[in-house]
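Engineer: Here's a structure for you.
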Amino acid sequence: MLTAAGTVGCLAFSLSLQFLLFGGEDADIFRRGLVMAFILPLAISAPLLLLLCLKAHELSALKQQSIDERAQDSLTSCLNGPLFSAMVDAYPSLMGSRAGRQTGSLLMVDVDHLRVLNERIGHRAGDQALRVIAGAIRSSVRSGDLVGRIGGDEFGVFLPGATRDDAEKVAERIRHSIAEMRFEAGGSKWPLSVSVGVVLFETEIGLDALLRAAGEQTQVAKKGGRNRIELTQLRHSPSPSRPALH
């Protein structure tokens with residue numbers, strides 16, 4: 001708007017100057033002066049307008065980048081814990097009034113032996129393992145599913161509307177894709193695997209209950225030998241306080 005006003009002002013000034021300088025000249029000279037009176041302001045303002053447009057686009061991109069960075073876990077580029085929690089909590093309020101009941105599944109994906117990798121090879125290798133595992137999880141879920149990092153070596157995967165078959169397929173894709181990875185650390189191949197706890201629900205259940213049940217199933221999977229999936233179903237919602245997600 002400022003550039004447009006400036007352009008109009010330049011045109012008005014140029015036209016006024018044109019009449020003062022060339023008003024008494026012949027028609028040909030006057031026409032040439034009139035053309036210059038239009039061209040000069042446009043030649044000055046067009047680059048300024050382009051510069052302002054570029055700066056506005058740059059500021060918009062930086063703003064979106066800032067929003068994305070606040071929403072993402074900096075290491076894995078998954079949703080961070082608080083945002084994952086908020087989006088899962090929003091599911092009943094978004095769907096409940098129309099769907100009649102809420103169905104879906106929450107997966108807790110716990111990385112096996114990450115502490116051993118950190119201690120033997122170093123935290124840089126552990127961080128790289130988390131990044132490739134996060135990528136495998138995101139590649140294994142459906143469109144519209146949520147993936148968040150909810151702990152140091154834990155990921156949450158929320159599958160809205162998922163049936164038992166849907167949840168089992170997603171969980172197995174995650175487990176299998178990670179187990180098949182060829183991850184190298186410290187100059188040698190390092191096996192990666194995850195233990196997955198799956199919770200199905202068919203009614204409105206709080207995130208605290210889902211996380212607790214999924215965590216229990218993850219521990220069952222670890223005690224059973226790791227690199228496996230354990231599943232349970234919740235039909236009612238207990239009411240303890242929600243664990244904090246960092």
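Where a number appears in this text, it was derived from the coordinates with a stated rule and is not lab data. Predicted model, so just to flag it, every value in this text is computed and none were measured. Cβ sites come from the backbone with ideal geometry, for glycine too, and all protein chains shown count toward neighbours.
Engineer: R0 = 35 Å: FRET efficiency of Ser188 with Lys222, Cβ-based, nearest 0.05? Before the final figure, lay out the partial values.
Structural biologist: On the way: r = 24 Å, r/R0 = 0.69.
With a Förster radius of 35 Å, E is 0.90.
Engineer: Something else now. Restrict the search to segment 97-188; then list the GluC sites (Glu not before Pro) that DSSP places in a loop and that have at most 15 other Cβ atoms within 10 Å of their Cβ. Show your work: numbers first, answer last.
Structural biologist: Values: sites: Glu119, Glu154, Glu168, Glu172, Glu180, Glu184; in loops: Glu180.
Filter output for segment 97-188: Glu180.
Engineer: Another question, if that's okay. Is any residue of segment 170-196 close enough, with backbone N under 16 Å, to a label point placed 7 angstrom from the Cα of Arg124 along the Cα-Cβ axis, and if so, which?
Structural biologist: 184-188
Engineer: Something else about it: Work out, step by step, the length gained on full extension between Asp89 and Thr203: first 0.36 nm times the residue separation, then minus their alpha carbon distance; give nm to one decimal.
Structural biologist: Working: separation 114, 0.36 × 114 = 41.04 nm, distance 1.32 nm.
Full extension of this stretch gives 39.7 nm more.
Engineer: Taking the Cβ of Asp110 as the center, what net charge do the other residues with Cβ under 10 Å away carry, scoring Lys and Arg +1 and Asp and Glu -1? Write out the running numbers ahead of the final one.
Structural biologist: Working: positive: Lys222, Arg226; negative: Asp112, Asp153, Glu154.
Summing Lys/Arg as +1 and Asp/Glu as -1 gives -1.
Engineer: Where does the charge balance sit around Leu75 when Lys and Arg score +1, Asp and Glu -1, over other residues with C-beta under 9 Å from its C-beta?
Structural biologist: Summing Lys and Arg as +1 and Asp and Glu as -1 gives 0.
Engineer: With Cβ to Cβ distances under 9 Å as the rule, what net charge do the other residues near Gln233 carry (K, R +1; D, E -1)? Working shown, then result.
Structural biologist: Working: positive: Arg164, Arg235; negative: Glu202.
Charge balance in the 9 Å sphere: +1.
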